[in-house]
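The values are calculated or read from the model by the stated rules, or taken from the named source; none is laboratory data. Predicted model, so just to flag it, every value in this text is computed and none were measured. Cβ sites come from the backbone with ideal geometry, for glycine too, and all protein chains shown count toward neighbours. What goes into the accessible areas is simple: the full protein's heavy atoms, side chains included, and nothing from ligands, DNA or RNA. Shrake-Rupley method; radii C 1.70, N 1.55, O 1.52, S 1.80 Å.
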Amino acid sequence: MCISTKRERTVKILVIGDIHGESELIRAAAAVCRERGIRKIVQLGDYNYGCAIGFHKLSERYLAEDGVHMTVVPGNHENWNILDELYGYDHLTSEWPAREPVEIAPHISICHKFGIWPIAGKRCAFIGGGVSIDRFRRRQGWDWWPQESWNHTESERGLAIMESEEPVQVVFSHECLPEHPFKWGPARMLNDPACDSHAELMGEIRDRLKPSIWMHGHMHGFENYHTSGNIPVVSLGCYGDDFMAILDMETLEVSAPVAVPEFFTPDLRK
Ligand SMILES: [Fe+2]
């Protein structure tokens, strides 16, 4: 048993879906890491960065207790004004933002819209951003930020950079791919062209980065599907027992669902 725990520390990571400011989900994820000896979490966006200070402090506390580090791939529900400021980036005038994740607490770092760096020796791409289907009901600067998604210039610059990149093994994103079956999320059902074209952009990113596996959040439901090139895709859910998966960084195999700790109540679904 001890040998297995040591091995998980080196090659397995916990990947978790949308959090939406719910610290109990971080507590549950940290407990799973403790149980299995995992030291690294990748969170797939809609963390609520810059939206609730109390939640962020609690997240750090839960992760610190178990010595786990979490990298957040930002989604559409982050405070993008604060995130851009963190990167010294203006989405209309700046060149591409710094590509490394920035530390926002001792055990939490956050990416911007694109970065590539290794985890356990595998090249991983981190693709932030998404489109809020309900953006017309939200208030700009309060609970919605227009830079949540890739604008035209960012798409052109980002794709040009990726053109010269070597293939990656894993992509972690918030946004889904165009082949998502949309059984859970509302995007395709409401036929929102902005959602569709942002998912199409992910398809262009896929064609350039040629990952072996892609994992994303945003759609609030667990799905396994394939994208062009027969690349496996895992969509993680949120609130219930479908928001966690374990990714073996050696074999790139995904184990899901992950049993939630006893204290965790799946009734957190909103
Ligand atoms: Fe989202």
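Here is a check on your reading of the model: is GLY130 small (Gly, Ala, Ser), within 16 Å of the ligand (Cβ to nearest atom) and either modelled with pLDDT of 95 or more or within 22 Å of ARG208 (Cβ to Cβ) (or both)? Talk me through it step by step, then tell me what you get.
On the way: small (Gly, Ala, Ser): yes; within 16 Å of the ligand (Cβ to nearest atom): yes; either modelled with pLDDT of 95 or more or within 22 Å of ARG208 (Cβ to Cβ) (or both): yes.
Considered against the rule, which asks whether it is small (Gly, Ala, Ser), within 16 Å of the ligand (Cβ to nearest atom) and either modelled with pLDDT of 95 or more or within 22 Å of ARG208 (Cβ to Cβ) (or both), GLY130 comes out as yes.
On inspection, HIS56 fails the criterion of being open to solvent by 10 Å² or more (accessible area, probe 1.4 Å) and closer than 22 Å to SER235 by Cα. Applying the criterion of being out of contact with any helix residue (DSSP H, G or I) (no Cβ under 7 Å at 6 or more places or on another chain) and of a type in the set (D, E, K, R) to the residues of region 25-64, the residue that is farthest from VAL258 (Cα to Cα) is LYS57.
Residues that are within 16 Å of the ligand (Cβ to nearest atom), in a helix (DSSP H, G or I) and open to solvent by less than 30 Å² (accessible area, probe 1.4 Å) occur in region 136-154; there is at least one.
For GLY121, the criteria (1) among the small types (Gly, Ala, Ser); (2) under 24 Å from CYS195 (Cβ atoms); (3) exposed (fewer than 15 other Cβ atoms within 10 Å of the Cβ) hold in every case but one, which is (2). Look at LEU201 and say whether it is touching a residue at least 12 places away in the same chain (Cβ under 8 Å), in a helix (DSSP H, G or I) and hydrophobic (A, V, I, L, M, F, W, C). Yes. With the condition kept exactly as written, say whether any residue in region 90-98 is at pLDDT 95 or above and surrounded by fewer than 22 Cβ atoms within 10 Å (Cβ to Cβ). Within region 90-98, not a single residue is at pLDDT 95 or above and surrounded by fewer than 22 Cβ atoms within 10 Å (Cβ to Cβ). Taking (1) more than 16 Å from the ligand (Cβ to nearest atom); (2) under 22 Å from GLY54 (Cα atoms); (3) not hydroxyl-bearing (Ser, Thr, Tyr) in turn, ASN79 satisfies each apart from (1).
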